[in-house]
Amino acid sequence: MLCFIYKSLKKEHLYLYVDKKDDFSRVPEALFSSFGKMEFVMDLELTPERKLAKEEAGKVIDSLKAKGFFVQLPPINLPAPVTIQ
């Protein structure tokens, strides 16, 4: 499945995958607005076996088929656990 990836210029590590290039019609307006300005990154052929850096390819494909888009959120930086001695 071919998808098109855009990055938010407003928030680092926030990406939007869509099933049609430059077609954001299936992305809810509030979500689309929260991305701010976006920049096209690349198109990518997805298969369930394909390794992605941050996401499971099958999860992305399922979302693209069902909703026409997928959002890759920035990583959550959790503080290191505190050790009490």
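Determine whether region 24-45 contains at least one residue that is without any contact (Cβ under 8 Å) to a residue 12 or more places away in the chain and more than 16 Å from PHE69 (Cβ to Cβ).
No, every residue in region 24-45 fails to be without any contact (Cβ under 8 Å) to a residue 12 or more places away in the chain and more than 16 Å from PHE69 (Cβ to Cβ).
Test each condition in (1) in a helix (DSSP H, G or I); (2) modelled with pLDDT of 95 or more; (3) surrounded by 12 or more Cβ atoms within 10 Å (Cβ to Cβ); (4) not charged (D, E, K, R) for GLY58 and report the one that comes out false.
GLY58 satisfies every listed condition except (2).
The values are calculated or read from the model by the stated rules, or taken from the named source; none is laboratory data. Small disclaimer: the values here were computed from a predicted structure and weren't measured. Neighbour counts are summed over all protein chains in view; Cβ atoms, including those assigned to glycine, are modelled from backbone coordinates with ideal geometry.
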